[in-house]
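Nothing in this text is a laboratory measurement; each read-out follows from the coordinates by a stated rule. Here the structure is a predicted model, which means the values were calculated and not measured.
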Amino acid sequence: MEKAKKRSAAGRALLFSATLIWGSSFFVTKGSLDDFPVFFVLTFRFLIGGALLLAVFHQDAWRLTWHGFLWAMLLGAVTVAAYVLQTYGIDISGSASKSAFLTGTYCVFVPFMGYVFFREKPGAHHVLAAIMCLIGVGLISIDGGLSFNAGDLLSLAGGIFFALQIIVGKKVIQSGAMMGGLAVALLATGVVCGICSVLFESEAYHAMSFTWKNVIPLLYLAVICTCAAQSFQIVGQKLTSANETAVILSLESVFGALFGVAFGGDAVTARMIVGFVLVFAAVLICETKMGRVFERKKKTKGEKEDD
């Protein structure tokens, strides 16, 4: 029992570390996009991050079964979509804090995707959380003219793919060689982004210049935000329960907003704050099952009436 508690505590610490790191990645990514195109940033980030992970866990990668390898490749494909949408969302909207919160809505999508893939029916608290999330997203994303910012919509779409990433990640964990599978997934992500960069961004290459000022943020994204944080997440997810994992990971959006305001120059409005609170409350209700308190009270009341 004591050993299980220590493992759970270690898992929570790893997940908390991952969310803190990812929260800082939003404004770092925003700064890197001032110097480099989107796919180039993602290629640099995932190729180096995946290569470092493979160098450490190459034996684990060789242990992957064909089934596990396919799940790892699917994880890579989902990761490509999630990060491309998120990064373009930051680039277009220009707001790291808004992107962080909109991406964080993936925690609300997970229960509904669980029903689609695993036939796990969402409860009333999931519906309540989805409605609150929708209202919060509207307050964050709709400007004074009642029109959506395209970057906000991309960040929200990225949240859907991050939800898929969690579901597919469970299969990689079950493969028996999760670190090797993660390395393969990150490298696959980098390769796909590299191909897209050559196809769509090659004209921008001649305008790029490399200095320590713009390379260090890229290295931070690759080594810390990708290699380290992705490793923290997958190990932490294995050591903790699903509810604990979701709650801790939802803090990424809070850290992202705080870093964006403190260091990224993002402006804060009263409407955005209300939207942030609603989105975060929706995540907590959905993943901690706070909404079931009402359901239990209703059930208890019904039982008393029967008596």
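The table for this structure:
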| read-out | value |
| --- | --- |
| Prolate/oblate/rounded call for segment 1-109, Cα gyration tensor, a/c under 1.5 rounded | oblate |
| Segment 19-177: C-alpha gyration tensor shape, a/c 1.5 cut-off, then a/b vs b/c | oblate |
